[in-house]
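J.: Next up is a structure, given as C-alpha cells.
The values are calculated or read from the model by the stated rules, or taken from the named source; none is laboratory data. Everything numeric in this text was worked out from a predicted model, so none of it was measured. Backbone-built Cβ (ideal geometry, glycine too); neighbour counts: all protein chains shown. Note: accessible area is taken over every heavy atom of the protein model, side chains too, but ligands, DNA and RNA are not part of it. Shrake-Rupley method; radii C 1.70, N 1.55, O 1.52, S 1.80 Å.
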Amino acid sequence: MTDQIHIEQLELYAHIGVTEGERAAAQRLILTATVWPKRQFGALADDIANTVDYCEMCAVARKFSDERSGCLLETLADGLASQLLKQFPITKIQLELRKFVLPDVRYVSVSVTRTHSGLD
C-alpha cells in the first residue's frame, strides 16, 4: 500500500471553540490530508470511477465542517477522518487541521491517522 493522494491546505470553516463566543462565528481552518486508496494506481484503467474522487472528498470535508459545531479541534479531526473513511474507497487517512486562534502563534494544529476497520 504505497500509492497516495494528498490534499494540501484546503480551506474550511467551522463553528469551533471552547467558549460560546468562540463558536459564535465560523472560524477558518486549514485541512491537509493524505489518503491511501483501496486500489493501486496501476489498476485504475484511467477511469475516475476506479479511484478516489478528490474533488468530491474536498466537498464532503467542507460540508462536514460547515455543519458541525463543537468545542475541540481534536473531536472535529477525529469525526472528519471517520466520515471520509466511511464514504470513500480508502484504507487509511492521515489528516492535519490547523486553527488560527492565538495572536502570537502562527497556528495550532491537530493530526490524526486512521485506518479502515474492514468491518463495513
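J.: I need the calculated FRET efficiency for the pair Q9 and A45, taking r as the beta carbon distance and R₀ as 25 Å, to the nearest 0.05.
T.: Calculated transfer efficiency: 0.25.
J.: Which one of L12, L73, L44 has the biggest mean-square fluctuation once the chain is modelled by GNM with Cα springs under 10 Å?
T.: Its mean-square fluctuation being the largest, the pick is L44.
J.: Net charge within 15 Å of A25 by Cβ-Cβ distance, Lys/Arg positive one each and Asp/Glu negative one each, not counting A25 itself?
T.: Charge balance in the 15 Å sphere: +1.
J.: Take the solvent-accessible surface of the protein heavy atoms, probe 1.4 Å, and return the percent of it on the range 54-101 that carbon and sulfur atoms account for.
T.: About 51 percent, which is the carbon plus sulfur part of the accessible surface.
J.: Count the net charge of all other residues whose Cβ sits under 14 Å from the Cβ of I48, scoring Lys and Arg as +1 and Asp and Glu as -1.
T.: Net of charged neighbours comes to -3.
J.: Kindly report the accessible area of the range 13-120 per residue (heavy atoms of protein chains, probe 1.4 Å, no ligands, DNA or RNA), in Å².
T.: Using a 1.4 Å probe on heavy atoms only, each residue of the range 13-120 averages 58 Å².
J.: Let me have the relative contact order for the range 32-120, percent, based on Cα pairs under 8 Å that are six or more residues apart.
T.: About 32 percent, as a whole number.
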